[in-house]
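Report on one structure; see the data block that follows.
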Amino acid sequence: MSKPELAVLKYPVILTVIMNKGGVGKTTTCANIAAALSETRPTGNRFRIGVIDLDPQTNLSCVLGLDELQEKHGDDLVTIAEFLDVDNEDIPVDEFFYRVDRPFFDNRLSLLPGHIDLESLKDDLEYEMKSKSPLRGKSKEDGFANSYDVGAFEQKKAQLFLGYRERLRQDLAGKFDYIVIDTPPSRGFLTQLALGLSDYVLPVMIPGTKEFDGLIMMEQLIADCWASYNPNLSVAGVLINNLFEREVLSKDIREMAKERYSGKELMLKTEIPRSVRIAEAISNDRTVFESEHRDAEVYRNIYRKLLSELYSRALTNKVNTTVSPQFFYDLHYGAEEVGEEQEMMGVVNE
Ligand SMILES: Nc1ncnc2c1ncn2[C@@H]1O[C@H](COP(=O)(O)OP(=O)(O)OP(=O)(O)O)[C@@H](O)[C@H]1O
Ligand SMILES: [Mg+2]
């Protein structure tokens, strides 16, 4: 009997890719980082990777074989909607993942597929929490949906997110080393949930000085989610994707970052260039690691370099150079102590 293969790390490290603007390359980044993570390490270790699609567009699921899964499992296919359904909380989380059956991944990568109806599920969850958070002296019959207790609601949300995070960590311990989460282009519930689940966040932006406004919104979202839902969140770094006029635009963004972040190394040094090879692979529902084009290796090497940089600053349990969201919190709200707020929200430090 063959020995069951176990994860290398004790607990899975959870990484979320975000940006509220559409089409910046979140899904492309998730797919290629997940592929890079699944390659053999120089140490000989090979990690086991889980991918979660929290975007109702289900683009990442399609890249990782959603069509084939639907064909094979039909109505029995389980998705993120079933995972989030509180009635299923006793089902071990690994049962929601499907192995991606492609030679490159060598059984190392699994997908928790997205669902196009995730928006309505999110509405149901919010409705449920609001209904349990009536204002003092008001009842359900008084129309709680429009006049609920915001503090109580936020506390319920924090507890819900923490519950999902604990389930992921406990149920996937020893089964996966890394979990990569894709998110929709919004600052809403699903992106907040992803930040509530994660150890690290990786905002992705495209070059352009206007794009910096999106990053500033992400700073605030990260700070808010850290303060309200997840004190264990860190910023892995900001990735520039789709770079085409390397010298000019990237330099502008770096100048703006230098000024705003006063010396803090937030921008990752590795930048992903605009490349037909990357775009072509994704449009064929493949990562660039599976491309047979002779130029593809150049881009695989860039993702490998990105991963080395991420390993050197984050993605491990060692002392790292990631940035605490406290830094963003101070930028947006002034230097304040958030401990009290976290306590009020019922967020418990691990
Ligand atoms: N480095 C790159 N070089 C060339 N094309 C790229 C690159 N990164 C992404 N693209 C292309 O840009 C388009 C949008 O990418 P992607 O779907 O990853 O963005 P997204 O941020 O996930 O979008 P959404 O917010 O809608 O989910 C895709 O067609 C993809 O092929
Ligand atoms: Mg996407």
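Only the coordinates and a few stated rules stand behind these numbers; no lab work does. Only a predicted model underlies this, so the values are computations on that prediction, with no experimental measurement involved. Methodologically, a virtual Cβ is constructed for each residue, glycine included, from the backbone with ideal geometry; neighbour enumeration extends over all protein chains shown.
Points to keep in mind about this one:
- Percent of beta bridges antiparallel (DSSP, the range 51-197, rounded to nearest 5): 40 percent
- Rounded if a/c under 1.5, otherwise prolate or oblate - the range 180-299, Cα gyration tensor axes: oblate
- The simple spin-label model puts a point 7 Å past each Cα toward its Cβ; for residue 89 and residue 311 those points are separated by 3.8 nm.
- Cβ-based charge dipole, the chain, positive-most Cα from 135, 203, 65: 203
- Modelled this way, with points 7 Å down the Cα-to-C-beta line, the labels at residue 67 and residue 269 are 4.1 nm from one another.
- Magnitude of the charge dipole for the range 201-300, about its Cα centre and with charges confined to Cβ atoms of Lys, Arg (+1) and Asp, Glu (-1), is about 200 debye.
- For the range 13-344, relative contact order (Cα pairs under 8 Å, six or more residues apart, normalised by length) works out to 24 percent.
- Linear extension gain, residue 75 paired with residue 297, 0.36 nm per residue minus alpha-carbon span: 76.1 nm
- Listed by chain and number, the aspartates and glutamates whose C-alpha is less than 16 Å from the C-alpha of residue 10, apart from same-chain residues fewer than 8 away, are 94, 166, 171, 177, 199, 350.
- Check: the chain dipole with +1 on Lys, Arg Cβ and -1 on Asp, Glu Cβ, in debye: 1340 debye
- Estimated from helical segments only, the mean residue ellipticity of the chain at 222 nm is -12500 deg cm²/dmol, where each DSSP H run of four or more residues counts as -39500 (n - 2.57).
- Proportion of all alpha-carbon pairs of the chain beyond 35 Å (%): 22 percent
- Rounded to the nearest Hz, the phi-derived 3J(HN,Hα) couplings of the range 115-126 under the Karplus curve 6.51 cos²θ - 1.76 cosθ + 1.60 (θ = phi - 60°) are 9, 5, 9, 4, 4, 6, 5, 4, 4, 4, 4, 5, where x marks glycine and proline.
- Using a Förster distance of 22 Å, the FRET efficiency for residue 243-residue 284 (Cβ separation, nearest 0.05): 0.50
- Ordering 158, 215, 263 by Cα displacement along the dipole of the chain toward the positive end leaves 263 in first place; charges were set at the Cβ atoms of Lys, Arg (+1) and Asp, Glu (-1).
- Fewest-first ranking of 43, 321, 287, using other Cβ atoms within 10 Å as the exposure measure: 43, 321, 287
- Within the chain, percent of DSSP bridges classed antiparallel, to nearest 5: 15 percent
- At R0 = 45 Å, FRET efficiency that the Cβ-Cβ distance of residue 6 and residue 135 yields, to 0.05: 0.35
- Among the listed pairs 26/269; 122/156; 72/122; 175/269; 210/258; 26/156, those beyond 22 Å (Cα-Cα): 72/122; 175/269; 26/156
- Here the Karplus curve 6.51 cos²θ - 1.76 cosθ + 1.60, taken at θ = phi - 60°, turns the phi angles of the range 35-46 into couplings of 5, 4, 5, 7, 6, 5, 6, x, 6, x, 5, 10 Hz, with x standing for Gly and Pro.
- For residue 101, net neighbour charge (Lys/Arg +1, Asp/Glu -1) across residues whose Cβ lies under 12 Å away: +2
- Whole-angstrom gap from the range 3-59 to the range 63-116, using each part's C-alpha centre: 14 Å
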